[in-house]
Structure formats: structure tokens, C-alpha cells
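Asker: Sharing a structure with you now.
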Amino acid sequence: MLKEKQKAAARDAVTHFYKVIEESSDSDSITFKVENNELFSESTFNDLLNAISSQGLVAFTSDRDGSEIVILPKLTQVKDMFHYRLILFILTFIAIFYFGYEYVSSYYGNTSFLWTIENSAMFYVLPVWTILISKEFSKFIILARNRQTYSFPIFIPDPIGMGTMGLINTNRHNFTSKRSMVAFSGIPLLIGFAISAIFLMAGSLQTIISPPANPVVSSVLGGSGTPVIFQILIYLFIPSNGILDPLAFAGWVGLIVNSFSALPLGYMDGGILASALFGKKAIILSYISIIAIILLGIAYPAWIVLAVFVLLFGLRGPEPLNNASILGKKSKTIAAAGFAILIIGLVPLPYHAPNTQFQMDMAQNQVVIVNGTGNMANFNMSLTNLGSSVISPAFKVLPTISFSVESVNRSISPGMSMKYDMEFNTSSLRKDGIYDYNLSATSGTFSQTAELEMIMVNISSSLNFNTSNPFDKNVSVGKIFKIDFTNTGFSENNSTFTILSIGEKNFSYTLYTDSMQANITMRGTHQLTLGKITLPEGESYSLDLEARTNFTTWTIVGYNDNFQAAIAVLRESKT
């Protein structure tokens, strides 16, 4: 309810700045019909606002030409609920840090925990927060220049993707004019876009100058929805090798999040821009945007998180106190640039993955490691790109073990194959036995897995092949040779053995043995006995073998249940 003292103060202020034609009032407000000689003057209206503010009053124009001014008491502020916004800020910080840690860990491969923490903080977390805080600081400055108080925004965590879906404005003070609305929302969008582009370009240059040691992270350009327009603008000058450096990825995240903010929806930056440009008609764009977001949430659930927060704050954006103000060319240019950012940077599916497909071929799936003779196990594999786009596959091994990957190129063109040399650090494997691993190669949504087996044994003086352990021999393709596995020292309790032949995947050989009553042609790795055999002390088990195709190394290993072993290493004779 307006007090008489407030009415008198309002009357004095309005008559000081305007020529009053007519006045009317009720218990809650006082309305003045004025002669607006300075059509759409913002400065005069702002001076009026400052004059009545000390009396606890606020004014707004009710007619488009500014000829009617309504003055009423300032609304009582609702409960701030700052602690809820603080909780969301903390959750967003944790989500961004976690996502940055995972990306840096995948990008650089096998690094220490502290090194990964430091680099994820420096090259992902800090750049992402630099983008977000720079936008908010610019809003703080703009509000201060318009004598408005900054309000802490709602940060939206993205637990399944980038760490954040951006933020929603919670400005609790009315904007004085359309120009202030455009400045508040448009300028931060331009600042966020510029900083994101700088990080993206700098990181892309770093990717080219110093590429990752191992191609152990999926291509962001192939595994996420980078806008085509932005690729033309940026990657025409700075081509990517298919794997974004963490700094470049932080810029990419900033670009996408900044574009989320440009959606013409409620109190988001784009919603405030739309309200400044279209007034009450902006609600139509909000309805269209929220329906689109809900539909997109079917494919990318984080959109639903954004939609829920937008609905909590309402689909209708703010209106300025001075509806009579018009936008100048500068403000219209800023608004147009803000919506251009939406077109340039926004993608429906932030993690859209193309329909990639490839074939994985392991040269061999098993290796024998002699305990105490070295810390490395080597596997060879090849990938053939069966899709229509360039892929840069990611590799992952479970259970976790330190490994590195080497190849001629990090990307595979459609229809081409790439060979990979994989080296596993087995220094953590202390106990003799069989260790099974799953090696996964991933590009986009397509993945293939191969099973790997490492057999760690001890060379035993009580076992041998042809009286030697280890036994080395050059053999010719197409010629049968005989090899005897002999137990010279193990008693009955340790006299059960497995004999295994380990060869390359396409290597073909024939086993001639009386015990199997057959001649068997095999490829790759096979057990050369039907189950385990019992071989008493002092006896031998004979194998007649013939290499049918060319090979590099052919390994025969015989071991008991305690992994005491004899090894024969066969190489192709070149004569």
C-alpha cells in the first residue's frame, strides 16, 4: 500500500522530469499520463528511478510510447535460497573436475594420480571455469553500471557428459531498459564465445605440435557433435589430427555450454535477448525451445536436467521497466551476434557419435612371460576402418594395467587398416600364473573387445625340450621336425603338464602324434595335448610338427600346475 508521503515523493519526482497531463491513483499505485517530449528517453526515466528508489518505490511504463508511468512500492524480496545455489555450484565443480580427470587420464594414457590431477586442473578445469567466471564477471560489471545488484546464478551439473550444462540467470532486480537487457545477456555470450575459441585454437595447435604419446582417447571431433560451421571457421586454418588436447577440449565444452545459454528460453541469456527484442511474444520461442529440449532429452538425458531447471524459474523472460525504450543499432548488432552464437555453436547431441565401424584383428592373444627376465609383454593388432569417416580409436584394458600403443598414424581413413604395437608393463605381476585381460577398441558408439592372456612361468632345470631349456631352433616351412618334452626331476605330485603352442593368428602348422591318432592342422595358438598329460619323472612326450606357412616366432611351452616350465623358441629358417 502506498503511503501519502510516498505519493507526494512520486508526484514531485515525476513532475520534475516530465510534464504531467493527468494523474490517477489507488491504494497500491499512482499513475501519471505524461507528455513525452524526449521520445523513448532512457536517461530521463533512469533519473526518475534513482529519485524514487530511496522512498522504496519503483516505476515502469505501461504504454509503448512511454506516455504512461506507473509507480508502486518495491516488491518484498522472496527467500534467497542461496544455499541451494551453492550446493549446485559445488556439484558442478565436482562434475567438471571428475570429467576433466577422466579425459586427461585417457588422453595421456598411463600417468600418476597426482600428475593427472594437476594437469586436469590446469588444462581442463581452470579453462572451463575461466570461461564461466568471465561471463559472470562481465554481468556483474554491466549490472553495476546500471545500478543493479548481481545475483548468484544457478549452475547446472551434467553428471553424464561434460560436467556442466551451463547456468541460468537468477537476477532479482528488474532491468531498466531493453538496452540493459541486451548488454547483460549478449555481451557475456560474445565474451564466452571468444575465450572458448581461443582455448580451442590454442589447444588444437598444441595437439599438432605435441600430439599425445598414445592414441588412447576417442576422437572428440568424431565422437561428439562439433558444429559444421565452426569446423569451417576454425579447423580450416588449424586442422586437427582427430584427438583434441585437454585445453582444446575445454574450449569445445565452453563453446557448447555458451551456446546452451543462447537458447531463447526463460531467464537464460538467449531468453533475455528474446524478451528485449520481441517483448511478450518471446514466450512463443520459449515454448518451442522447451519442447525441443524435452525431445532431445530422449537421446541425451542431460537436456532433461536443463529443462527441469528452466521450468522451475518459468518460461517467460523478464520485461524492462521502461517498455518505451528502443534498441539502437549497437544493441541490435549485439543481439544478432548472440543468436548467431546459438547457430554456430549449438549441437543437438553434445556427444553425438557417428555410425563408425571397424574390424579388430589380433596377431596373437597369448604370450608367455618368464618371471624375472623382463617387465614387458608385447601384442600386435590391426584395425580396419569399415565406416565412411576417419576414426581415431580409443584403447582400454581391464583389469587395469599400464600399457602403451604405437602406430604409424593416429587416425585411420575409411577402407584403410592400421597396425598397432602394444606393450604391457608386467612389473606389477609378481606371482606365476595365468592373467586374463580384455582389450577394448572404441570409436564413437562402436566398440570391439579381444581377450588377452599372459602366462607367467619360471624356467625349471627339471624340464626341457630336446635337452635344453630354453630351446632355440631354426625350422623350415614344409619340413617335419621332432621335439621332445622331458621331465627330468619332478615327482608324481608335480608331473601333470600342459603343452601349448603359441603362434601368430594366421600361422598354420600341423601336429603329427600317435596319441591323438590323427594329423591336425592348426592356426595361431593351440594346446598341443588333449587336456593335461601325466609325465612321470625321466619320461618324454614327443611332438612331430610341421610349419605350413611363413612365421616370425613360434613358441612351444610346457608347464605344470605350479607354472614351472620349459620353453622352445622356434624361428623360420631363411635357407
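Asker: What strands (runs of 3 or more DSSP E) lie completely within the stretch 375-492 and have 2 or more residues being of a type in the set (F, W, Y), more than 26 Å from the chain's Cα centre (by Cα) and under 26 Å from A565 (Cα atoms)?
Answerer: Strands (runs of 3 or more DSSP E) meeting the threshold: 480-487.
Asker: Of all residues in the stretch 1-18, which are within 17 Å of N50 (Cβ to Cβ) and among the acidic types (D, E)?
Answerer: D12
Asker: Check off (1) at pLDDT 85 or above; (2) open to solvent by 40 Å² or more (accessible area, probe 1.4 Å) for A9 and give me the number that stays unchecked.
Answerer: Every listed condition holds for A9 apart from (2).
Asker: I'd like to verify a number: residues in the stretch 177-197 that are closer than 13 Å to S275 by Cα and surrounded by fewer than 23 Cβ atoms within 10 Å (Cβ to Cβ), how many?
Answerer: The qualifying residues number 1.
Asker: Oh, and also: Kindly indicate whether any position in the stretch 548-564 is open to solvent by less than 30 Å² (accessible area, probe 1.4 Å), modelled with pLDDT of 90 or more and of a type in the set (A, V, I, L, M).
Answerer: Yes - at least one qualifying residue is present in the stretch 548-564.
Asker: Within the stretch 344-394, track down each residue that is over 18 Å from K505 (Cβ atoms) and at pLDDT 85 or above.
Answerer: Answer for the stretch 344-394, where residues must be over 18 Å from K505 (Cβ atoms) and at pLDDT 85 or above: I369, V370, N385, L386.
Asker: Also: Could you tell me which numbered condition K532 fails, if it satisfies all but one of (1) at pLDDT 85 or above; (2) open to solvent by 20 Å² or more (accessible area, probe 1.4 Å)?
Answerer: Status for K532: all satisfied but (1).
Asker: May I ask you to list the residues in the stretch 18-35 that are crowded, with 18+ Cβ neighbours inside 10 Å and in contact with a Phe, Trp or Tyr (Cβ under 8 Å, 6 or more places away or on another chain)?
Answerer: Answer for the stretch 18-35, where residues must be crowded, with 18+ Cβ neighbours inside 10 Å and in contact with a Phe, Trp or Tyr (Cβ under 8 Å, 6 or more places away or on another chain): Y18, F32, V34.
Asker: Conditions first: (1) part of a loop (DSSP other than H, G, I, E, B); (2) out of contact with any Gly (no Cβ under 9 Å at 6 or more places or on another chain). Y512 passes all but one, so which condition is the exception?
Answerer: Failing condition for Y512: (1).
Asker: Tell me which of these S476 doesn't satisfy, since it passes every other one: (1) hydroxyl-bearing (S, T, Y); (2) crowded, with 16+ Cβ neighbours inside 10 Å; (3) within 22 Å of T549 (Cβ to Cβ); (4) modelled with pLDDT of 90 or more.
Answerer: Among (1) hydroxyl-bearing (S, T, Y); (2) crowded, with 16+ Cβ neighbours inside 10 Å; (3) within 22 Å of T549 (Cβ to Cβ); (4) modelled with pLDDT of 90 or more, the lone unmet condition for S476 is (2).
The values are calculated or read from the model by the stated rules, or taken from the named source; none is laboratory data. Since the structure is predicted, the reported quantities are computational estimates derived from the model, not experimental observations. Neighbour counts run over all protein chains shown; Cβ positions are idealised from the backbone, glycine included. What goes into the accessible areas is simple: the full protein's heavy atoms, side chains included, and nothing from ligands, DNA or RNA. Shrake-Rupley method; radii C 1.70, N 1.55, O 1.52, S 1.80 Å.
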